[in-house]
Amino acid sequence: MVWRHTDAETPVRRGADGQFYVAARDVTAMLRDMARTFDLHAQSGDSAWAVDGESAPARLDEDTMRTVASILRAQADEMDVQLIAIADEHRFG
């Protein structure tokens, strides 16, 4: 699977509490990018996945690939909705 994001595009920051943080827009962008990648693999028929430590690739059918893509997009959409609600709450609340 081809991954297009780089460290420069998705900055990870360490907060004062020592925890690592990634901007929500970067997380939703990564989820949508992963969904596009699954869709592209489903369209091209390239559904073999190499599992670490195993010589035989795992194969996913086109419907499974599209279902995974749909779930990733739905997760990104739900995260956007929740973040908009939080932002509005703090803006007007």
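Read the figures in this text as sums done on the coordinates, not as results from a lab. Quick caveat: nothing in here was measured; it's all calculated off a predicted structure. Methodologically, a virtual Cβ is constructed for each residue, glycine included, from the backbone with ideal geometry; neighbour enumeration extends over all protein chains shown.
Give me the Kirkwood hydrodynamic radius of the stretch 24-92 in Å, from all C-alpha pairs, to one decimal place?
It works out to 13.6 Å.
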Signed unit charges on C-beta, dipole axis of the stretch 24-92, positive-most listed residue 42, 87, 75: 87
Segment residue 61-residue 25, length gained on full extension (0.36 nm per residue, minus Cα span): 9.9 nm
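What is the gain in length, in nm to one decimal, between residue 44 and residue 14 on full extension, counting 0.36 nm per residue of separation less the C-alpha to C-alpha distance?
Stretched out fully, the residue 44 to residue 14 stretch lengthens by 6.9 nm.
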